Amino acid sequence: MQPLTLRDLQRGATVPGDSGAPHDVMPPWMDRDRFDRGREFIQRHLPGVFLSQYMALLVGFSVAPLLDVLLFTGKSSTVEQSMRRYVSTGRRLLLWHDGDVWDVNSKAHASVMKVRNMHSKVAQAITKDRKGCESRGKQGDKTGEQVHAMGNGHTDCKKNGMKADSDKVFISQYDMALTQAGFVGFVLYPEKFGICCTIAELEDYIFFWRGIGYLLGIEDRYNMCSGNYAETCRIIDQIGDEVVKPAFLNPPQGFDLATTSFVEGMQLHTKNRQLTKGTMFSFAHDLLDFPLPEVSMAEWCKLIILKWLVWLVERVPGMSTFLTRNLSVLVKRENPD
């Protein structure tokens, strides 16, 4: 059984995000040759893939359930915190792409399991906090519009649009599927990121993330990478039209703080003045087929230069290889003090 529509994924909103599937046994549908071809796709197209995932994260901050989890952990509120968090995420992704996640003794496998365990711990912590929030509400200690100080930038549940419901599932199978969509979605439109490839190669990339999703605890019935290219694109388009685009036009509280910290954190680490908030938001609007926001002439010129460079990456011999090597070095570099 595989999800065919967004509705299929949404049924997972009441199901815990960890399936409990064993991490040391490959699923019966696993095809190692195909999975490894997906890894090789990433290695060949790393600049475009990383840019697509950067943009997916920037846009994904607008989806309230995903942003709420990030704010709860208190590691995205400042430029320095955000830089360290997402550079660390980039390192994990490189490790998953380069290593063997199916070898239980490998660093790549250990990294995936660390993320899976981290998701479970955060889900438990949020659930515990929400039960406390519900209890305080019943006692009349707080109103729904008051900010509940937690010391980590997270606000009261009702203030964030989260009901103080002890039965609500945090980091559900649906939330996991939305996160998986972020890593996959934009890449399925490779021309937007300068990636030159075939449909067959994109299906290998989709299959790679099917395997990663399984290891992270996504059940097969909610694994949005279970189908072919056309089926996956259909789900991605539905997520874009019904979830992401409306959220991006009306983002939740905390969106501006998270996006500013993220963009400026990446700018600090890469020392790239091209990655300004105005430029990246203009790029995001272009990706989502929205009218460009009002920006300065300088920001508009940076956007044009960025799109031109993206188009050139795989069309100029050696440029992709050069950028891949430098990107790997940059991501693996120790964070500046």
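The values are calculated or read from the model by the stated rules, or taken from the named source; none is laboratory data. Note that the coordinates shown come from a computational prediction; the quantities given were computed from them, not determined experimentally. Backbone-built Cβ (ideal geometry, glycine too); neighbour counts: all protein chains shown.
Quick notes on this structure:
- Scanning the range 287-334 for residues that are under 22 Å from the mean Cα position of the chain (by Cα), assigned to a loop (DSSP other than H, G, I, E, B) and surrounded by 15 or more Cβ atoms within 10 Å (Cβ to Cβ) turns up just one, Leu288.
- Residue within the range 79-102 that is over 15 Å from the mean Cα position of the chain (by Cα), over 25 Å from Phe208 (Cα atoms), assigned to a loop (DSSP other than H, G, I, E, B) and not charged (D, E, K, R) present: no
- Within the range 1-28, residues that are hydroxyl-bearing (Ser, Thr, Tyr) sit with their Cβ atoms under 7 Å from residues that are part of a helix (DSSP H, G or I), at 6+ positions apart or across chains, in these pairs: Thr5/Ile235; Thr5/Gln238.
- Scanning the range 35-57 for residues that are under 14 Å from Val313 (Cβ atoms) and either among the basic types (Lys, Arg) or without any contact (Cβ under 8 Å) to a residue 40 or more places away in the chain (or both) gives a single hit, Arg44.
- Lys114 surrounded by fewer than 15 Cβ atoms within 10 Å (Cβ to Cβ), under 18 Å from the mean Cα position of the chain (by Cα), of a type in the set (D, E, K, R) and at pLDDT 90 or above: yes
- Extreme residue, nearest to Ser88 (Cα to Cα), among residues of the range 258-286 that are in a loop (DSSP other than H, G, I, E, B) and in contact (Cβ under 8 Å) with a residue 12 or more places away in the chain: Leu275
- Subset of the range 253-266 (residues that are crowded, with 19+ Cβ neighbours inside 10 Å and not aliphatic (A, V, I, L, M)): Gly254, Thr259, Ser261, Phe262, Gly265
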